[in-house]
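Scroll down for the structure; my scribbles are underneath it.
The values are calculated or read from the model by the stated rules, or taken from the named source; none is laboratory data. Given the structure is predicted, the values throughout are model-derived calculations rather than measurements. Neighbour counts are summed over all protein chains in view; Cβ atoms, including those assigned to glycine, are modelled from backbone coordinates with ideal geometry.
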Amino acid sequence: MKAIDDQVRNSLLLDFYGNLLTEKQKKTADFYFNCDLNLSEIAKKTKVTRQAVYISLKNIVKDLEKYESSLKLYHNKFSKVNAKRKKNV
């Protein structure tokens, strides 16, 4: 379940902070998080090695987390949603 939660979180972080990434990073992240392509499929589409895609995704996630730690858009949005959900339960 954690992997799915991470996938959803990373997809949402991409929605919030995608414009801060380069076009190539944004495209790679979109293929992986939103289109559900595997590393080999992304490598073929972007004409790079599978290892390059893997390293790029690790760096993208690190960048997205860095933006979140500074700007807290995800946290602010979903802490309110979770608070409302707990209140209604």
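Do we have any residue at all in region 5-24 that's in contact with a Ser or Thr (Cβ under 9 Å, 6 or more places away or on another chain), at pLDDT 95 or above and more than 17 Å from LEU71 (Cβ to Cβ)?
yes
Among what's in region 1-43 and is more than 16 Å from ASP63 (Cβ to Cβ) and among the small types (Gly, Ala, Ser), pick the residue that is nearest to the chain's Cα centre (by Cα). Even if it seems obvious, please write down each step before you answer.
Taking region 1-43 first, the residues more than 16 Å from ASP63 (Cβ to Cβ) are 1-5, 7-8, 31, 34-43.
Then keep just the ones that are among the small types (Gly, Ala, Ser); that gives 3, 40, 43.
Values: ALA3: 12, SER40: 18, ALA43: 18 Å.
Filtering first and then ranking leaves ALA3.
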